[in-house]
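Q: Here it is, the structure in full.
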Amino acid sequence: MSSAWNQLHPGRGLYKSFLHLGRVQQQQSFSNSASLAMNVALLTAWGKPPTYITGVPSLPAPSPSQLQLKVLAVGVPRAAKGRALGKHSSIKGGLPFDPSVDGVGLDESTGKKYYIAPVAAPLFAERANVERRLMAELPSEADPVTVAALVNPVSSSWMALNVRVTGGCKGRNLFIVGATTESGRYAVRVARHLGAAKIVGASRTEETLDKVEGLDERVLLTDPLEVPKTVGPIDIVLDYIGGHTNVAVMKTVEIQEGKGLQYVSVGGVAGHENLVIPASLLNARDIRIIGSGMGAITLDDIVKQMPGLVAFLSKIKRPANVVTAPLADIETAWDSTGEKERLVLIP
């Protein structure tokens, strides 16, 4: 993780004191008024769902650099599940712990809605104090639940193409491995929005690949892999699958001399932890391999990209696979959704 990201994590330890209410009340001079209490959800054991805790003291007043927001919606992406297992690279500190990643909040004094950046504040709560630079205002018509649900699958390609790929994707040819995955389908829309010249989708299943909208060409991931000549040279590969497919793609796609191929490892649906790439392949072809996880992206990158990302998200209609649940039901809702469903918690 970059040092910029690490600077955010000490603030997440604020909720450690929620289990020691007497001491917190003494230090922060909280009153016993019910109006100052709020409800939160915290991990008390790694690998278990967060526990809903009622009546904890409210937050202190925000600093001049912060806004206190009413939390409207918080997604539960894989990163949040990984943080709850205690295995995610973004974890700093011990239990109790809030594994939330990002979400949407409301400034009740102005009525403005904001997207809250990853790990900017503990969001499994009714309110959060958030640094102003770590939020981006949403258009008034934006649906908080949709933004919270889709920011994770959409941002994977958004950040890869805007930050990790040198020169961006405008006017370039893109090859998406795993175009039938949820993130892969959104990558098609993101790439088109960003001005990609040609978008090629690849998958093992012809029937589902045919249903992916917005593709210029489709390639079946056969063994051995065959890429039709009509596909032409490829500038960027977004790989959501990983495993043995990456070597086959690197060997087979046409690479234009003098431009090279930027190969971005975004996901690992195949379940293979390691990239096993022959040195001879890297010596024989002009290929640059790039990662695009949270540890590869700086806080400044996130802040710079948030306005464009949330504007894009705000135009997407809520898909049918989004499931909502009250934060109070977090313990039962945590593992209740299907593999293709997106859980959003409402405090």
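The numbers here are math on the coordinates, done by the rules we state, and not lab data. Keep in mind that this is a model prediction, so the values were computed, not measured. With ideal geometry, Cβ positions are generated from the backbone for all residues, glycine too; neighbour counts draw on all protein chains shown.
Q: I'd like the Karplus ³J(HN,Hα) series for segment 200-209: coefficients 6.51, -1.76, 1.60, θ = phi - 60°, whole numbers in Hz, and an x wherever there's a Gly or Pro.
A: With coefficients 6.51, -1.76 and 1.60, one gets 10, x, 10, 7, 7, 10, 5, 4, 6, 5 Hz.
Q: Scanning the chain for GluC sites (Glu not before Pro) in DSSP loops with at most 10 other Cβ atoms within 10 Å, what's the longest stretch left with none?
A: 1-140
Q: Quick one: which residues, 5+ away or cross-chain, put their amide H under 5 Å from the amide H of Gly86? H built at 1.01 Å from N.
A: It is Gly47, by chain and number.
Q: For the chain, what does -39500 (n - 2.57) per DSSP helix run (n ≥ 4), summed and divided by total residues, give at 222 nm, in deg cm²/dmol to the nearest 500?
A: When only DSSP H runs of four or more count, the value is -6500 deg cm²/dmol.
Q: Give the whole-number value, in cubic angstrom per residue, of the convex hull volume spanned by the C-alpha atoms of the chain.
A: Details: hull volume 48.3 nm³, N = 347.
Taking only Cα atoms, the chain has a hull volume of 139 Å³ per residue.
Q: If you don't mind, there's one more thing I want to ask. With the cut-off at 24 Å, tell me which of the pairs Lys112/Lys304; Lys113/Lys211; Lys48/Lys112; Lys81/Lys198 have Cα atoms farther apart than that. Walk me through the numbers before you get to the answer.
A: Numbers: Lys112/Lys304 20 Å; Lys113/Lys211 34 Å; Lys48/Lys112 34 Å; Lys81/Lys198 35 Å.
Pairs exceeding 24 Å: Lys113/Lys211; Lys48/Lys112; Lys81/Lys198.
Q: Continuing with this model, one more query. What is the Cα radius of gyration of segment 152-296 over 2.2 N^0.38 Å, N being its residue count?
A: Here the Cα radius of gyration is 0.93 times the empirical estimate.
Q: Still on this structure, please answer the following. Take the Cα atoms of segment 243-334, build their convex hull, and give its volume per residue in Å³.
A: Value for segment 243-334: 214 Å³ per residue.
Q: Within segment 174-221, which trypsin sites (Lys or Arg not before Pro) sit in a loop by DSSP and count at most 15 neighbouring Cβ atoms inside 10 Å?
A: Sites meeting the loop and neighbour criteria: Arg204, Lys211.
Q: From the alpha carbon gyration tensor of segment 53-99, can you work out the equivalent ellipsoid semi-axes (sqrt of 5 times each eigenvalue) and give them in Å, largest to smallest?
A: They are 24, 14, 13 Å, listed largest first.
Q: Report the antiparallel proportion of the DSSP beta bridges in the chain as a percent, rounded to a multiple of 5. Please report the intermediate quantities before stating the final value.
A: On the way: 26 of 54 bridges.
So the antiparallel bridges in the chain amount to around 50 percent.
Q: Which ³J(HN,Hα) values, rounded to whole Hz and listed in residue order, are derived for segment 43-55 from phi using the Karplus coefficients 6.51, -1.76 and 1.60 in 6.51 cos²θ - 1.76 cosθ + 1.60 with θ = phi - 60°, glycine and proline given as x?
A: After applying 6.51 cos²θ - 1.76 cosθ + 1.60, I find 6, 10, 8, 4, x, 10, x, x, 9, 7, 10, 9, x Hz.
Q: Can I ask one more? In degrees between 0 and 90, to the nearest 10, how far off the longest principal axis of the chain does helix 182-193 point, with axes built from Cα atoms?
A: With both axes taken from Cα atoms, the answer is about 80 degrees.
Q: Please list 3J(HN,Hα) in residue order for segment 304-318, calculated via the Karplus relation 6.51 cos²θ - 1.76 cosθ + 1.60 where θ = phi - 60°; whole Hz, with x for glycine and proline.
A: Each residue of segment 304-318 in turn: 5, 8, 4, x, x, 5, 5, 5, 5, 4, 5, 8, 8, 6, 4 Hz.
Q: Working from the pairwise distances between different alpha carbons, so that the mean of 1/r is found and then inverted, what is segment 46-203's Kirkwood radius in Å?
A: Answer for segment 46-203: a Kirkwood hydrodynamic radius of 17.4 Å.
Q: Sticking with this structure for a sec: Once amide H atoms are built 1.01 Å from N in the peptide plane, which residues 5 or more positions from Val71, or in another chain, come under 5 Å H to H?
A: Leu106, Arg127, Ala128
Q: Tell me which residues come under 5 Å, amide H to amide H, from Val323 once H is placed; ignore anything under 5 positions away on its chain.
A: Arg342, Leu343, Val344
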